[in-house]
Amino acid sequence: MKLLTVVGARPQLIKASPFSIALRKAHTEVLVHTGQHYDATMSDVFFNELGIPRPDHHLGVGSASHGVQTGAMLGAVESVIEKESPDAVVVFGDTNSTLAGALASAKLNVPVAHVEAGLRSFNRRMPEEVNRVLTDHVSTWLFTPSPVASANLAAEGITSGVHEVGDIMVDALRIHADRAEDHSRLLERLGLERGGYYLATVHRAENTDRRERLSAIFAAFAELDRPLVLPLHPRTEKRLLEMGIAPGPNVMLLEPLGYLDMLLAQRYARAILTDSGGMQKEAYYLRVPCVTLRDETEWVETVESGWNVLAGADSRAVLEAVGRIVNPAIPHPELYGDGRTSERIVETLVSAIEPAAEPLAGSR
């Protein structure tokens with residue numbers, strides 16, 4: 001079995017790590033990096049730390065508007081598929097790279113496997129939501145992380161090819177969490193104690209491109225009772241400068257962190273404040289309270305469990321959520337699987353693809 005996997009952004013590299021390990025035990029993987037994240041701190045460090053094989057094809061698309069970027073990826077991925085002739089194309093998550101890989105494959109009649117299918121925020125203003133919906137509707141196999149995600153697909157009429165396998169990011173944590181303990185010295189470098197700081201990330205356009213929201217978020221950060229560690233996304237850094245928003249004196253601005261440093265920072269934070277989908281899940285897995293700086297989330301189970309609070313970009317709501325959620329004495333059910341999602345995906349694809357490749361009896 002020969003699969004072509006498409007990645008392009010930081011979260012996809014994390015998801016690709018356990019999948020590549022599982023796939024390459026007995027099968028061929030052609031790894032395509034679109035170049036959506038092209039900065040060394042947002043891309044190269046992940047290949048180094050996670051042991052991901054270097055891409056067989058690096059498309060170097062880089063940054064652009066959504067339409068320009070997706071269009072450039074679409075044409076480039078199409079050329080690679082025609083050259084490699086894979087049995088299927090695997091895409092992860094909800095980025096422009098996801099959509100471009102799925103559309104290029106579907107137009108060439110190559111089946112698509114969508115890992116992390118079925119997620120819905122029900123906010124079509126989010127580019128990620130559009131990418132999710134369109135990718136799901138052209139995919140042959142839809143690998144969902146939870147019953148909620150499977151139900152979302154069923155509500156849209158998608159029932160064929162749906163496989164509830166758990167969340168592949170649990171696999172990455174299972175593989176790399178202990179490595180972070182052994183290799184990261186981040187807290188020592190920053191002079192921080194375990195449980196003595198907050199950790200935040202802000203990168204979504206709905207927050208960074210609207211002054212009122214970005215100002216309110218940073219106003220809340222400035223009132224926190226402990227240091228706040230903030231690895232700064234390039235988009236956020238640019239917007240802060242353009243809008244003249246100055247972080248409070250308790251905010252420790254950092255360059256984007258590698259995966260192992262970020263895992264350690266999450267593990268020992270008093271609470272996490274983020275607009276990232278992936279960090280909401282990682283916070284839950286690591287049993288760290290989370291305050292989500294959005295008005296909705298696709299990871300609704302984390303909110304229903306009580307470990308995650310939706311606070312939007314309202315300063316008072318953010319501060320109240322932090323005060324209410326830290327150290328919650330509440331149950332912690334297993335929501336997204338046991339860390340063996342990659343193996344289930346590979347097994348499912350093998351059972352679907354390899355029998356179809358065998359010649360029929362008497363055809364020789």
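Taken together, the values in this text are just the output of simple stated rules run on the coordinates, not laboratory data. The shown structure was predicted, so the numbers you read here are calculated from the model rather than taken from an experiment. As a convention, Cβ positions derive from the backbone with ideal geometry for all residues, glycine included, and neighbour counts pool all protein chains shown.
Between amide H atoms placed 1.01 Å from N, distances below 5 Å from GLU164 occur with THR144, all of them 5 or more places distant or on a separate chain. Along its three principal directions, the equivalent ellipsoid of segment 172-325 from the Cα gyration tensor extends over semi-axes of 22, 18, 14 Å, largest first. Extending 7 Å from the Cα toward the beta-carbon at both ARG194 and GLU237 defines two label points whose distance is 3.1 nm. Between segment 134-204 and segment 245-281, the alpha-carbon centres lie 16 Å apart. Between THR28 and LYS2, the contour length at 0.36 nm per residue exceeds the alpha carbon distance by 8.9 nm. Calculated on C-alpha atoms, the gyration radius of the chain divided by its Kirkwood radius gives an Rg/Rh of 0.97.
Note on segment 296-321 and segment 45-115: Cα centroid distance 32 Å, given to the nearest whole angstrom. Using C-alpha pairs below 8 Å separated by at least 6 residues, the relative contact order for segment 148-242 is 26 percent.
Straight-line cross-link partners of LYS2 among the aspartates and glutamates, defined as a Cα under 18 Å from its Cα and at least 8 positions apart when in the same chain: GLU29, ASP56, GLU78, GLU82, GLU84, ASP87, GLU343, GLU347, GLU354, GLU358. Partners of LYS15 within straight-line reach, counting lysines whose Cα lies under 16 Å from its Cα and excluding those fewer than 8 residues away in the same chain: LYS281. Taking amide H as placed 1.01 Å from N in the peptide plane, the amide H of LEU310 sits under 5 Å from that of THR292, each at least 5 places away or on another chain.
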